[in-house]
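Here is the structure we will look at.
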Amino acid sequence: MRKNDAVFTSHAHTVKRSKNDLPMRLSKESSSVVQDDDEDEKDGSRKFRRLRLFGYELPAEADRMALLILLYIIQGVPIGLTFGSIPFLLSSKASYTQIGVFSLASYPYSLKLFWSPIVDAVYLPGFGRRKTWIVPIQILSGLLLLYLSTVMEDHLSGSEVDVWMLACLFFGLILLTATQDIAVDGWAITMLSEANQGFAGTCQTIGLNIGYFMSFTIFLAFHSADFCNKFLRSTETASEEGVLTLAGYLQFWGIMYLGITVLLAVFKHERPTSQKDAKQSVSSVYRKILSIIRLAPVKQLMILLLVYKVGFVANDSVTALKLIEKGFKKEYMGVFVLIEFPFQILFAVVTGRWSAGDRPLDPWLYAFAGRLAVCVAGPLLVYIYPGGDVSWTMYLAALCVNLLSSFTSTVMFVCLGGFFARISDQSIGGTYLTLLNTISNFGGTWPRFFVLWLVDALSQSQCYPSTAASSSASSQALDLDQVIYDCSSPTNRASCLKSGGRCEKFSDGYYVVCAVGVCVGALLLWGYLWKAVKWIQSHPPHKWTIANDPTRQSRFVVVQLDDDHDQQKSLSKAAEEREQDRLSRQSVLET
């Protein structure tokens, strides 16, 4: 055996590790692999059941990846409604500040860390550590979706929308979804081997994108009467409603939730909990979280996750709403998002290979710079769009901007997901991933309300009499101008137009907020993020775990014990040789 190598055995696996290996090469060097339910082990090697599709052999663990994608699709459905469709439906009746109030419904994703230790520590061993939470949570989510299908149309049909009531209802839905996310993230760590853990982020990206796409793009397209009349109906069958109603969509997914959950509970079996993963007390998991937060690389990573999205929030939250406000039809936007969707899946697969390398966050840095470029192109597109019908040139420009935005955001998301899966401590896998994902989500959530409020606060609109009105109508509009002078809110804007006036905006805070965001993002990239990412990736795996962690420290401890044993053996052999030499000399002298 070479001097720089150490051979050690852990959990019936034998792995050779060179001390000169790169610090992040986890997929080849890690030996503490957690066995899942339908894996076989023979002579220290893992064998995976390979599936065949249309005569082609799928990669190892393809069935597990498919299950993870399905579970993440279920997550993406309520996320697409809460983050996408409902704000779009509210945009014609609510101000940006009110939409900011509704965005509070997304906060459970940023607060789930507080109850994630309970999800990790409390479970029924006979039923499964993750299924204990996934099954009842998805049943409750399905029932809540069925309830929402009976009340949502009434909430959105009136001229005034009770935004706080909607925020409370969807807060409950996202609370359940966030809890399911904790359990699924923890299951992803043990379901996939460490050689394939780089694809955990890919599964998450594909699943969430499909669910989000169905609840946002497809739903808005088929909910739009203009889209359905233009692309799906003849002139004789034109209608004032789309082919898909919000109530019908919610009811469909409520039933799907219940059906998928029953199949999961009956046919998918988790492995029995090993002694290494024995049930821990909730307090011990909270103590582990505090210990993890105190680790130097974790502190630096948390700071990075909290600040890096500040430059993107204005463009991500407001640009699409601004285009619609200027007359860009929702159905046109739905068409080019349909075009964009297969590219999102392709981007996720390609990025999964990039993030499987030795330095998974390097592509993240380049994607950050590209996303800043999108934050410049988005407001520029809004500014040059004249309003009304969309020309082919403008349509292609909007499509290119969206494809670039999708590509950069997907690269960043997958790279972070793969990196999180690699460094997570398996003894509290769900909680560790939840800690990192929570901080990342909160980094995009906390600025959103303030950005939307600033866009409203820095925007000013005036209601003026219509120049095309008759003399009597002009005098009526003049009276209107004296009564309603600020038409920034949707209600005042509608009243102004209904009474014959015109609402003109002479100050738009959107451009100011976007410009400030891009400047802040550029300063962060060149002044902080570049150095921080390089420093974070320089830490070996054991630096991301607490000192008494048995799942990762064991392999390093065994290496050290082997080295100590070899050294002690060499010393003993040298002592024996010296003793034999002394006895030989003594024998010669006596002779």
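The values are calculated or read from the model by the stated rules, or taken from the named source; none is laboratory data. What you see is a predicted model; the values in this text were computed from it and never measured. Here Cβ is always computed from backbone atoms with ideal geometry, including for glycine, and neighbour counts include all displayed protein chains. Side chains are part of the model used for accessible areas, which takes the heavy atoms of the whole protein and leaves out ligands, DNA and RNA. Shrake-Rupley method; radii C 1.70, N 1.55, O 1.52, S 1.80 Å.
When L258 is tested against (1) within 21 Å of T150 (Cα to Cα); (2) part of a helix (DSSP H, G or I); (3) open to solvent by 70 Å² or more (accessible area, probe 1.4 Å), just one condition goes unmet, and that condition is (3).
Filtering region 448-462 to residues that are buried (at least 23 other Cβ atoms within 10 Å of the Cβ) and within 26 Å of M302 (Cα to Cα) leaves V451, L452. The listed residues are V376, V390, and the only one of them that is closer than 13 Å to D316 by Cα, in contact (Cβ under 8 Å) with a residue 24 or more places away in the chain and open to solvent by 30 Å² or more (accessible area, probe 1.4 Å) turns out to be V376. Of the residues making up region 83-102, those that are assigned to a helix (DSSP H, G or I), open to solvent by 20 Å² or more (accessible area, probe 1.4 Å) and among the hydroxyl-bearing types (S, T, Y) number 2.
Kindly establish whether S474 is more than 25 Å from the chain's Cα centre (by Cα) and either modelled with pLDDT of 85 or more or farther than 28 Å from A314 by Cβ (or both). Here the answer is yes, as S474 does meet what is asked. Within region 178-194, the set of residues being within 14 Å of K131 (Cα to Cα) and among the hydroxyl-bearing types (S, T, Y) comprises T179, T190. Taken over region 351-394, the criterion of being over 23 Å from the mean Cα position of the chain (by Cα) and of a type in the set (A, V, I, L, M, F, W, C) is satisfied by V376, A377, L380, L381, V382, I384, V390, W392, M394.
Can you find a residue that is open to solvent by less than 40 Å² (accessible area, probe 1.4 Å), in contact (Cβ under 8 Å) with a residue 60 or more places away in the chain and under 30 Å from L140 (Cβ atoms) anywhere in region 236-245? No, region 236-245 has no match at all. The helices (runs of 4 or more DSSP H) falling completely within region 134-226 that include 3 or more residues that are touching a residue at least 60 places away in the same chain (Cβ under 8 Å), open to solvent by less than 20 Å² (accessible area, probe 1.4 Å) and farther than 30 Å from I339 by Cα map to 163-191. I'm trying to understand the selection: among the residues of region 497-544, which are of a type in the set (F, W, Y) and open to solvent by 10 Å² or more (accessible area, probe 1.4 Å)? Matches in region 497-544: F506, Y511, W526, Y528, W530, W535.
The listed residues are F343, F336, F413, and the only one of them that is open to solvent by less than 10 Å² (accessible area, probe 1.4 Å) and either part of a helix (DSSP H, G or I) or more than 30 Å from K543 (Cα to Cα) (or both) turns out to be F336.
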